[in-house]
Amino acid sequence: MAIDDSTAGAYTSATYSYLTFCKLHGMPIDPTSETLSYYITFSTHINPKSVESYLSGICNNLEPFFPEIRANRASALVKRTLKGALRHHGRATTRKSPLAATQLQSITTDLINSLDHDDMLFLSMLNTGFLGLLRLGEIAVSDNPHLRNFWKVVLRSSLVWVGADFEFFLPAHKTDTTFEGNHVHIAHIIGAPDPKPIMANYVRSCDRLFPLHPQLWLRANGFSPTRSWFLRRLWQYCPPDIASQLMRAGGATALAQAGASGELIRGAGRWSSDAFERYIRKNVIVLHALILGRALHYSPAA
C-alpha cells in the first residue's frame, strides 16, 4: 500500500526481468553487487536510464528477502557499471511536444459555442489542466479498470468560485506521499483563454445531467473520462507527438514565458524539486525570464 498500483505493476515487471536473467544464466537470485552489475550489463538492449529505474523496482520487491540489496545497489561497482552503460549505450532523450497556448486558444475557439456535453467536458479539462499544471492522470481515469482508484477522483463538491478564478481539491497526486491532497487554483494567464466561463458552462451542463453524481469530470454517458478518450479528442486538433504530459509541460512553459518565478512554477505544479525545469521547452528568452522572475505579461490574479 506504500506505492501506487501503477508503480507496483512497473516494479513487478522489473523484478520478473531480473529473475528471468538469473534463471537464464544459472545465477543465484541473491542480488549481490556483482549480480546486479551483471544484470545491468546484460540489459544494455534497454535504455540505461530505464535500467536504473528497474533497479528501484527490484530493490523494492526483493528487500524483504535480501535486506542488504539497497547497500549493494549503492555500491561503487553498480554505480560505475551504470555510468559505463550510460556512456556507451545511452540514447538521446526524445521529448514529446508540449501544448502551446496558441493551440489551446485555437481549440477553444472551435469548441466554445458547442452545446455538446462531451465537447464542454473536453474543453474544460484541457484548459484546467493547462493552467493548473495537471497530469492527465489527475483529471482522467486509467483505461485499465484495475488501476482506477476513487480516492484520486476530483469531487464536484470541492469546486469553489474565487472571484474571477476557481479552485478545487486534488485528493492525491504522484508526489503526495502523505495523501494530504492539494487545493488547485485556476487563474487566467495572458495569452490563454479565460478558464472560468469554460468551466462554468461545463458545470451547468453536468449539474443538469448528473445532479447526484459526486465526480467533477463526467462524460455524457455518466462515466468518468479515460486517458484514451481525452487523447483521441486531443489528436483531432494536435499531432500525435503531443504527449500525456502536454498540459503540464505547456502550462509550465507558458508561465515561464509570462515571467513567473521558478518558485511559483514549482508550487503551482506541486513539484518537490527543480524537475519542472525539464518542462520549459523554449530557449534563452524563456529561461532569462524564469531566472529573473520578470512578470512581463503574467496576470496578477494568477
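The values are calculated or read from the model by the stated rules, or taken from the named source; none is laboratory data. The model shown is predicted, which means the values in this text are computed figures rather than measured ones. Heads up, the Cβs are rebuilt from the backbone with ideal geometry, glycines too, and the neighbour counts pull from every protein chain shown. The accessibility values were calculated without ligands, DNA or RNA, using every heavy atom of the protein model including side chains. Shrake-Rupley method; radii C 1.70, N 1.55, O 1.52, S 1.80 Å.
Heavy atoms of the protein chains alone define the surface here; on that basis region 175-231 has 49 Å² accessible area per residue at 1.4 Å probe size. Taking label points 7 Å from Cα along the Cα-to-Cβ direction, ASP194 and PHE150 give a separation of 3.7 nm.
As a rough guide to protection, the peptides 227-238, 155-166 ranked by mean Cβ packing within 10 Å, highest first, stand as 227-238, 155-166. Each peptide among 74-84, 137-147 gets the average number of other Cβ atoms lying within 10 Å of its residues, and from highest to lowest they stand as 137-147, 74-84. Here the gap between ALA76 and GLU34, fully extended at 0.36 nm per residue and compared with their Cα-Cα distance, gives a gain of 14.1 nm. Sorting 123-129, 209-215, 37-43 by their mean Cβ neighbour count within 10 Å, with the most densely packed peptide first, gives 123-129, 37-43, 209-215. Full extension of the chain segment joining ASN113 with ILE3 gains 35.4 nm, where the gain is 0.36 nm per residue of separation less the Cα-Cα distance.
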